[in-house]
Every structure is written in C-alpha cells, then in structure tokens.
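Read through the structure below, which is laid out as structure tokens, and then see the notes.
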Amino acid sequence: MNIITIEGKLGSGAPEIAKDIAKRLSFDYIDRIIMAEIAKKVNTSLNHVIETEENVHLGLNKFVKAIQKIIKNSASTGMVGDPYFGPDIEQILSTPYQKMNQNNENFDEEMFIQTTSEVIEDIYSVGNAVIIGRGASEILKNHKDVFKIGIACDKKDRINRIISEQNINNFSDAKKIIEQADKNQNNYYNHAFSSKPLNVNLLDIIINSSHFSKENISNLCISIVKNKNNL
C-alpha cells in the first residue's frame, strides 16, 4: 500500500491532513499545483531539470525520470506522445474546482479528465505518494494496493475554514464559493466517473473532520497503512 488517495470538498481540511500523513510516512504529497509543476518541468528540458534542480523532491525526481522513459518508449515505437506534454498543461492541471465551468470556452473538460487520469496513473507507477483530490480514488479504483480516504466535514465548518484561509470577511461570499466548488466538483465526478465525491462504495474509510482533529485522523490513517504494510 504505497499510494494513498484523499478526497474531500473545499474547506474540509483534506489538504492539511494529506500533507501531515505524507510528511509522517515520508511520502510525496501530490496536489493540483504539484501535478502542474511536474508537467511544467516535463515540458522543459528533462535532463536539465534532473541535473540542475537541487530542490526537486526525490519522488518528483523519480517521476520526471519515469516520464522521460515513457517519452523514449513512445518515440521508439512511433507512438504519439501523451497529451499532457502539450502547451498550457500547467493551467489545465492546476484549475481549482470553483473555477471549472462547462460554459467557459477556455476550460476543456475532456482534456482535463484525460490529462489528470494519465498523470495520476504515472504517479501511481512511481509509488510512495499521497494524492489529494482530482478523483484519484476513482482513477486508481482497480488498483487494490491503494488506500482510499474520504474527508467529510459539516458545511458551516467548511465555510468558516474558507473565511479563515482566504481572508474573506463575508460569510455569504464564502458560502457562495463553497457552493460553486461543490457544484463543479459534483459535475466533474459525474461526467468523468459517473460517480460522486466521497463515494461510500469506493472509499476505504470516510472520516468527518468536524468531529476529529487533524492529528487524530492522521494517526488513524497511518496506523492502518502501517498495519497493512506490516511496518
């Protein structure tokens, strides 16, 4: 069990929990920004990235090398390169749920789904990572060695967290941000996977962050991973 996926709605505290679990297990933490950064690095000279980026995390370095191998294999077999090597890929991968809009001509949902799925599958092939959001649990659902976690949270607590994190003074404005993100996230899961976020039939465990602290949730999840891996 070297891959952990964590799904949660905006304001649930899922990213903080994912970061804590990743840090304590010495896993890579992979979110939409890091996926975009990986793709951006891949779009530059791969050898230059690997040889000169002193601060590239070990796992990300491994991932870039894995992508380099894929490119070489594709070239040797005459295959077309994976679509996430194209221009503007960092914009595709880094799009937050609240900014996804099917009516937005600048947002290509099909490309987003395809790109995200391929990147997450390649991260799985490297291993030792905690992947937050983007339907990673759905994308990797056929891999039995993935521990799939869902983070639920009461709506009022989510709104208050957004107010605190984004310095929003108006409760109503924060509520609208939450509701728009939820709508777009639900649409994404429905379109991409014919499913919904926090799918009880898919996730191994769902924990309400309104009822348990980040530390308690992390402790529980880490104990499960260590037990499964006989650590």
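Among V225, V130, what is the fewest-to-most ranking by other Cβ atoms within 10 Å? Please list the in-between numbers first.
On the way: V225 20, V130 26.
So the residues, fewest neighbours to most, are V225, V130.
Residues D122, D145, arranged from fewest to most other Cβ atoms within 10 angstrom of their Cβ, appear as D145, D122.
Past the 32 Å Cα-Cα mark, which pairs from K175/K228; K144/K175; K156/K228; K183/K214; K144/K176? Can you show the working numbers first?
On the way: K175/K228 39 Å; K144/K175 37 Å; K156/K228 35 Å; K183/K214 26 Å; K144/K176 37 Å.
The answer is K175/K228; K144/K175; K156/K228; K144/K176.
Taking amide H as placed 1.01 Å from N in the peptide plane, the amide H of E7 sits under 5 Å from that of G133, I149, G150, I151, each at least 5 places away or on another chain. Counting neighbouring Cβ atoms within 10 Å and putting the fewest first, the residues I163, I151 line up as I163, I151. With R₀ fixed at 30 Å, the C-beta to C-beta distance from K144 to H211 puts the FRET efficiency at about 0.55.
The slack between N201 and K23, meaning 0.36 nm per residue of separation minus the straight C-alpha distance, is 61.3 nm. Report note on the peptides 196-202, 215-221: ranked by the mean count of other C-beta atoms within 10 Å, highest first, their order is 215-221, 196-202. Couplings 3J(HN,Hα) for region 195-205, derived from phi with the Karplus relation 6.51 cos²θ - 1.76 cosθ + 1.60 (θ = phi - 60°), are 9, 8, x, 6, 6, 5, 7, 10, 6, 6, 7 Hz, where x marks Gly and Pro.
FYI, it's all coordinate maths here, none of it is from the lab. These numbers come from a predicted model, not from an experiment. No Cβ is skipped: glycine too gets one built from the backbone with ideal geometry, and neighbour counts run over all protein chains shown.
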